[in-house]
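The values are calculated or read from the model by the stated rules, or taken from the named source; none is laboratory data. These numbers were taken from a predicted model, which means no experiment stands behind them. Cβ atoms come from the backbone with ideal geometry, glycine included; neighbour counts cover every protein chain shown.
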Amino acid sequence: MNDLQRPKVSIILPTYNGSRYLRQSIDSCLKQTYRDFELIIVDDASTDNTASIINSYKDERIRYIRHKKNKRLPRALNTGLANARGEYITWTSDDNQFLPEGIAEMLELLVYHKEADLVYADYQALYLETGEQELRKMPDTLDLKKENQVGACFLFTRKAFRGAGYYDPKYELVEDYEYWIRICSRFKAVHYPKSLYIYGEHKKSLKGTSLDAIVLYDRVLRYEYGFIQLNELIKEMSLYLREARANRTLKESLAIYHKTMFRVSRISVFLGLICLYLLIFHALRKGIKHAAVR
């Protein structure tokens, strides 16, 4: 890529109390073979030593923005997008890392393939507690009606950002899936069949602490976009609630139910009422079984 074809890339890094792995993530960005980028770190009101880690860097490509109050991931991403100056945009997490050639190779594909506005690449899952690794290959053709298939490593154009707009906070936990649906409904996405990223898997990650909810909201999102019918959604929600109750204590189950109804109601009051009905149904069913045993 010659000097006339070296557009600026914006890398957005939202973080909240992620100091344990944050330095590795920042370093992976600064070690990119492609140098013309800005790293926008959005600190979502962390209470650990996140600020001191960020302030220890003197690289002029780093832009540090701190929220006074915690606004949650979708709004932190939107802060990054609102401040991005690049013609190409991506985001990463405080427990993930780009491989050194990651940005360069994805950018080259988009620069020379003008018909595409989103590139997504394969990545390596790293289980941080054990050190085990797993290659995750993405499909050549996306079927977003089935599931989120873009994965963790991607780059998109400012044109795609202008067309899709900002992340929708009501879809928190599946905000990326919903965003790809919007982008891919209007713009072409291409697969880059090479691992360019390390995705950190651990118990305290967002995925590790909210997997049950992510699975449910994934189904709700697919219903909202007309990918599944109402009867399919009710069936899957019922199964989710039944399994959640069977594998947890009453206190844990109630906490999950509360979060479930609250978040689903933010997406749709109607779906929240369905969730409440299913909760009552499974609670009564559980009570009847206990009474019969006695």
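Take the residues of region 70-108 that are small (Gly, Ala, Ser) and out of contact with any strand residue (DSSP E or B) (no Cβ under 8 Å at 6 or more places or on another chain): which is nearest to Glu175 (Cα to Cα)? Out of the qualifying residues, it is Ala82. Taking the conditions (1) touching a helix residue (DSSP H, G or I) at 6+ places or on another chain (Cβ under 8 Å); (2) part of a helix (DSSP H, G or I); (3) buried (at least 19 other Cβ atoms within 10 Å of the Cβ) in turn, Arg23 satisfies each one other than (3).
Within region 161-206, if we keep just the residues that are in a loop (DSSP other than H, G, I, E, B) and modelled with pLDDT of 95 or more, the residue that is nearest to Leu144 (Cα to Cα) turns out to be Ser185. Filtering Pro74, Pro7, Pro14 for residues that are in the same structural domain as Asp94 (by TED's automatic domain parsing) and assigned to a strand (DSSP E or B) leaves a single hit, Pro14.
For region 136-154, the criterion of being at pLDDT 90 or above, under 23 Å from Pro7 (Cα atoms) and part of a strand (DSSP E or B) is met by at least one residue. Residue count for region 137-193, restricted to those that are in contact (Cβ under 8 Å) with a residue 24 or more places away in the chain and among the small types (Gly, Ala, Ser): 5.
A quick yes/no check of all residues on (1) surrounded by fewer than 12 Cβ atoms within 10 Å (Cβ to Cβ); (2) farther than 28 Å from Tyr127 by Cα; (3) modelled with pLDDT under 85:
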| residue | (1), (2), (3) |
| --- | --- |
| Ser210 | no, no, yes |
| Tyr223 | no, yes, no |
| Gly226 | yes, yes, no |
| Gln229 | yes, yes, no |
| Glu232 | no, yes, no |
| Arg242 | no, yes, yes |
| Arg245 | no, no, yes |
| Ser253 | no, no, yes |
| His258 | yes, yes, yes |
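Annotation: of all residues in region 26-73 being out of contact with any Ser or Thr (no Cβ under 8 Å at 6 or more places or on another chain) and of a type in the set (Phe, Trp, Tyr), the one that is nearest to Ile12 (Cα to Cα) is Tyr64.
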